[in-house]
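What follows is a short report on a single structure.
The values are calculated or read from the model by the stated rules, or taken from the named source; none is laboratory data. Just so we're clear, the structure is a prediction, and the values are computed from it rather than from any experiment. Cβ coordinates were reconstructed from backbone atoms using ideal geometry, including for glycine residues, and neighbour counts include every protein chain displayed.
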Amino acid sequence: MKKLLLLVLLCSAWSAWGQQSTLRAILQSDAQWYLRDEVLDPSGEFYPDERLLGQGFALFTYTDGDFQAGMRYENYQNVMLGFPPGFRGEGISYRYARLNRDRWNITVGNFYEQFGSGLIFRSYEERGLGLDNAMDGVRIITDMGHGLTVKGVLGRQRLYFGKGEGIVRGLDGEWSLNQVFPSLSEKQFYATVGASFISKFQKSFDPILNLPNNVGAWATRANLSYKNFAWNTEYAYKINDPSYDNGYIYRPGTAFLSTLSYSQKGLGILASVKRIDNMSFRSNRDGQQFDLFINFLPPTTKPHTYALAALYPYATQVNGEMGGQFEINYMIPRGSKLGGKYGTQLSLNTSMANSIDKGFLEDGTRGQKGSMGYTSNAFDFGPIVYFRDVNASVTRKFSKKYKSQVTLFNFEYNKTVLNDGVGDITLLEAPGTDSIINVQAVVWENQIKLPKGQTLRTEFQLALADGFRGDMAMGLAEWTISSDWTLAVQDIYNYGHPSESRRIHYPIISLIHFNGPTRVQIGYGRQQQGIFCVGGVCRVVPPSSGLSFSLTTSL
Amino acid sequence: MRRLLPIFLLTAWSLAPSCDVITEPFKENPNPVDTTSVVRGDTLVQTARAVFIEDFTGHRCKNCPKASKAIKALDSIYGPSHIIPIALHAGASNFTGVNADYPTDFTTSEGDDIASLFGIFAMPMGMVQRVDYPTAHQKTYTAWAGLSAQEIASSPEALFTLSAAYDSVSRQAIVNYSAALQSTNTNALGIVVYLKESHIISPQLMPNNTRDEFYVHKNVFRAAPLGPTGVEVSSTGGSAGQVFTGSATKTLDPIWNPKECEWVVILYDRTNYRVLQPAQIFVW
């Protein structure tokens with residue numbers, strides 16, 4: 001009833017204020033008709049009883065001057081394969097009212113927010129993953145003047161169509177030094193420093209363990225830039241937070257993230273390092289999968305978009321990882337001998353992630369429930385290789401009508417950890433039992449402009465792996481017939497799968513129609529089993545076959 | 001000063017809830033578990049009604065994976081704190097017997113006794129809270145979801161507190177139970193303790209008549225340390241708030257994986273076998 005009243009109020013306000021206000025809507029609907037595919041899924045384990053599954057949402061945003069309100073209706077009839085099954089049914093999952101006046105920005109209801117890079121607090125939605133940990137409560141942001149901005153949040157987090165029991169409260173302050181010291185800007189030096197604190201409350205009833213009801217975490221950060229250089233760094237600390245994720249150990253958590261970059265015309269260099277130690281932070285200590293994460297641990301590996309390379313994604317290891325990334329992009333100037341008429345883009349990226357050092361406690365145990373967990377030297381890598389990635393690409397435009405890119409990949413992918421989800425403590429107790437897959441891949445992409453405004457984009461991909469999925473080849477042709485229509489055909493052939501029965505084709509054909517803000521896509525084909533990741537957060541994608549439909553529009 | 005006021009207010013609002021730094025993780029007298037032999041233990045304190053689903057199955061029963069899938073779906077909806085399944089490989093030997101293709105013997109004498117007691121005549125077949133005994137207690141797997149939903153929607157009649165401990169040297173496992181009645185009951189009450197094991201990889205006949213060599217069997221009934229129908233804890237029922245406590249032990253068979261074993265404890269009405277409340281907890 002309250003939700004209905006809110007809707008009525010919104011509509012009334014919109015009618016009353018007429019031209020002074022706006023009402024916007026975004027709508028998305030996805031559906032798939034699953035077909036029984038005995039080659040892809042011999043036992044029918046993944047074949048849904050419903051045959052057709054569909055889900056979608058509509059987001060309405062009403063704005064009137066400095067006031068904004070909105071709501072999002074979602075439905076899952078039933079949730080599509082691979083998404084968390086907790087999304088079931090329909091309802092208004094997100095509603096808020098916001099006033100931004102003078103130096104105050106006040107939100108009541110649902111909101112998303114992030115402190116710094118998110119090491120201790122990030123409330124966000126990633127629809128592709130089925131992740132939504134929106135806060136439901138109050139957020140106050142105030143501009144204190146002199147470059148100081150303070151944020152306060154209080155509320156509970158979304159859990160499917162309900163809310164988690166834990167209460168989250170936090171404070172963040174960020175100070176732009178340039179507003180106090182304008183002379184810094186004259187010297188092209190820009191500096192922002194910040195600090196944040198988050199605390200969660202969840203009552204404990206455990207009869208054996210003294211579990212903390214209140215768990216706090218703090219972080220400090222600095223973003224500095226001078227001329228072409230920029231340096232962003234953040235350190236976070238969390239007090240004892242025994243949880244399902246860490247096996248109910250009492251060791252405090254820490255996280256460190258630092259990125260140094262340099263950019264000038266035609267050249268960009270980025271280097272980042274990261275160390276995470278026991279930094280899973282949820283508003284429910286027993287939470288699993290994506291449920292009720294308070295923080296976000298950004299990845300320091302490059303997310304790949306080419307299909308075969310994307311089959312080997314890196315998932316952030318919240319219980320401990322240590323690694324870094326280096327990337328350089330260079331444009332060979334146009335008109336030079338090597339650069340050609342339009343210039344040539346070179347890119348090199350390399351990243352790595354290992355376990356952290358986890359030694360035995362004084363009593364000879366490691367990772368035991370109710371203990372401090374382990375000892376760790378912050379500067380030592382652990383023995384388990386999680387991920388290695390070296391990739392390089394050359395992109396060249398040969399003429400006004402033809403552009404080509406070649407990309408090479410070399411992965412070391414710890415299947416046991418990243419695909420099977422085995423924890424580092426388990427592997428430390430049984431060294432050498434993990435399976436590391438070596439993958440070499442190449443992608444050749446071409447873009448050709450055709451007459452009448454048409455374009456053709458092709459991809460040829462080859463991935464050679466010494467196990468797990470085995471060797472694969474892929475071809476893709478994407479024909480933009482007009483500004484309104486695109487037709488895409490692709491096929492992945494897993495010709496080198498270790499199991500002969502899995503050496504099958506995964507063809508997909510898609511037709512996409514654009515009409516202003518509206519996009520409609522119809523596809524038919526096979527989706528292979530895999531892992532889909534966004535920002536180091538991953539979900540398992542089951543195998544499926546059938547006809548898919550997607551509609552996105554805004555009004 | 002006026003500008004600083006919001007800072008003070010926000011700071012007080014946010015920082016007032018302090019952090020609970022724990023220096024003694026274990027409570028002084030947590031429960032009746034003999035901690036001298038504990039390698040690793042766990043506890044469960046129930047707060048809601050749970051549903052006990054018995055799935056009579058066999059590795060040569062081609063439709064039985066569908067019933068297992070139905071349990072998996074219920075588990076994904078309600079979670080393991082609400083759905084407490086057990087898979088009894090018991091009954092007709094053409095479904096449960098061993099041969100060269102299906103070499104693992106999942107049958108037990110206690111499981112056979114339970115199947116016999118409830119007159120299981122076909123597979124896959126099951127019971128939900130053992131309701132409707134003795135006339136209509138056998139339910140096909142397509143009915144389990146609706147019955148489970150009804151049960152979960154009702155108030156708990158009893159709530160369990162369980163604690164488990166396991167000695168990896170002697171392979172002896174112990175479960176301590178405490179069942180607190182939430183409403184008055186005048187019938188005789190009994191407690192049953194079962195032991196089950198999951199993630200056993202062994203061949204299974206599949207719905208398409210193929211043999212899945214690497215099928216993962218879950219919730220496989222292994223033992224009933226207090227007997228198939230357990231023990232009577234009260235001949236006259238009890239009033240709300242009354243607590244029944246006890247324990248059960250079992251030395252695990254060498255081929256059982258203690259990390260995949262779970263205790264299942266149920267409180268039931270001895271006059272009609274209806275389950276008032278089940279609970280489950282990992283052995284290790």
Quiz item: In the range A:334-389, what residues are in contact with a Lys or Arg (Cβ under 9 Å, 6 or more places away or on another chain), within 14 Å of chain B (Cβ to nearest Cβ) and of a type in the set (S, T, N, Q)?
Solution: A:368, A:371
Quiz item: Which one of these is at negative phi, loosely packed, with under 14 Cβ neighbours inside 10 Å and more than 14 Å from every other protein chain (Cβ to nearest Cβ): B:210, B:184?
Solution: B:184
Quiz prompt | Any hit, the range A:243-252, residues being of a type in the set (Gly, Ala, Ser), in contact with a helix residue (DSSP H, G or I) (Cβ under 8 Å, 6 or more places away or on another chain), in contact (Cβ under 8 Å) with a residue 60 or more places away in the chain and within 14 Å of chain B (Cβ to nearest Cβ) | solution = yes
Self-check item: Enumerated strands (runs of 3 or more DSSP E) restricted to the range B:154-265, each holding at least 3 residues that are free of Cβ contacts under 8 Å to residues at least 40 places away in the same chain and of a type in the set (Asp, Glu)
Solution: none
Exercise. Kindly provide the set of residues from the range B:216-225 that are more than 15 Å from the chain's Cα centre (by Cα) and either among the acidic types (Asp, Glu) or surrounded by 19 or more Cβ atoms within 10 Å (Cβ to Cβ) (or both), ordered by number.
Key: B:217
Quiz item: Would the range A:324-339 turn up any residue that is touching an Asp or Glu at 6+ places or on another chain (Cβ under 6 Å) and either assigned by TED's automatic domain parsing to the domain that holds residue A:492 or of a type outside the set (Phe, Trp, Tyr) (or both)?
Solution: no
Practice problem: Go through (1) closer than 14 Å to residue B:219 by Cα; (2) over 19 Å from the mean Cα position of the chain (by Cα); (3) in a helix (DSSP H, G or I) one by one and return the number of the condition residue B:66 breaks. | Solution: (1)
Practice problem: Output the number of the condition that residue B:36 fails; it satisfies all remaining conditions of (1) more than 13 Å from chain A (Cβ to nearest Cβ); (2) at pLDDT 85 or above. | Solution: (2)
Quiz item: Could you give every pair whose Cβ atoms fall below 9 Å, whose first residue belongs to the range B:63-74 and is over 13 Å from residue B:126 (Cβ atoms), and whose second residue is of a type in the set (A, V, I, L, M, F, W, C) and part of a helix (DSSP H, G or I), counting only separations of at least 6 or pairs across chains?
Solution: B:73/B:145
Quiz prompt | Candidates A:171, A:211 - the one that is outside any strand (DSSP E or B), surrounded by 16 or more Cβ atoms within 10 Å (Cβ to Cβ) and in the same structural domain as residue A:151 (by TED's automatic domain parsing) | solution = A:211
Quiz item: Do the conditions hold for residue B:136, that is, is it under 19 Å from residue B:56 (Cα atoms), free of Cβ contacts under 8 Å to residues at least 60 places away in the same chain and not in a loop (DSSP other than H, G, I, E, B)?
Solution: no
Self-check item: Selection count where residues are modelled with pLDDT under 90, farther than 18 Å from residue A:527 by Cα and of a type outside the set (S, T, N, Q), scope the range A:19-48
Solution: 0
Practice problem: Output the number of the condition that residue A:365 fails; it satisfies all remaining conditions of (1) of a type in the set (Val, Ile, Thr); (2) at pLDDT 95 or above; (3) not assigned by TED's automatic domain parsing to the domain that holds residue A:434. | Solution: (2)
Exercise. Pairs only if they're at least six apart or on different chains, beta carbon under 8 angstrom, first in the range A:307-334 and within 28 Å of residue A:526 (Cα to Cα), second among the acidic types (Asp, Glu) and surrounded by 22 or more Cβ atoms within 10 Å (Cβ to Cβ); list them, first residue then second.
Key: A:314/A:389
Quiz item: Within the range B:39-63, can you find the residues that are in a loop (DSSP other than H, G, I, E, B) and either modelled with pLDDT of 75 or more or more than 13 Å from chain A (Cβ to nearest Cβ) (or both)?
Solution: B:46, B:47, B:48, B:49, B:50, B:58, B:59, B:60, B:61, B:62, B:63
Quiz prompt | Given (1) assigned to a loop (DSSP other than H, G, I, E, B); (2) surrounded by 16 or more Cβ atoms within 10 Å (Cβ to Cβ), number of the condition residue B:95 does not satisfy | solution = (1)
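Which one is nearest to residue A:167 (Cα to Cα) among residues in the range A:214-252 that are polar (S, T, N, Q) and not in a loop (DSSP other than H, G, I, E, B)?
Selected residue: A:214.
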Quiz item: What number goes with the only condition from (1) touching a Lys or Arg at 6+ places or on another chain (Cβ under 8 Å); (2) surrounded by fewer than 17 Cβ atoms within 10 Å (Cβ to Cβ) that residue B:169 does not pass?
Solution: (1)
Quiz item: Here are A:149, A:142: which of them is in a strand (DSSP E or B), in contact with a helix residue (DSSP H, G or I) (Cβ under 7 Å, 6 or more places away or on another chain), polar (S, T, N, Q) and within 20 Å of residue A:197 (Cβ to Cβ)?
Solution: A:142
Practice problem: For the range A:428-438, indicate whether the set of residues that are surrounded by 15 or more Cβ atoms within 10 Å (Cβ to Cβ) and closer than 30 Å to residue A:329 by Cβ is non-empty. | Solution: yes
Exercise. Provide a single number: the residues in the range B:204-219 that are modelled with pLDDT of 90 or more and either over 23 Å from residue B:52 (Cβ atoms) or not hydrophobic (A, V, I, L, M, F, W, C) (or both).
Key: 10
Quiz item: How about the range A:155-168: which of its residues are in a strand (DSSP E or B) and either more than 10 Å from chain B (Cβ to nearest Cβ) or surrounded by fewer than 18 Cβ atoms within 10 Å (Cβ to Cβ) (or both)?
Solution: A:155, A:156, A:157, A:158, A:159, A:162, A:163, A:164, A:165, A:166, A:168
Quiz item: Is there a residue being of a type in the set (A, V, I, L, M, F, W, C), closer than 19 Å to residue A:217 by Cβ and not assigned by TED's automatic domain parsing to the domain that holds residue A:539 anywhere in the range A:108-116?
Solution: yes
Quiz item: In the range A:296-312, what residues are surrounded by 17 or more Cβ atoms within 10 Å (Cβ to Cβ) and not in a loop (DSSP other than H, G, I, E, B)?
Solution: A:309, A:311
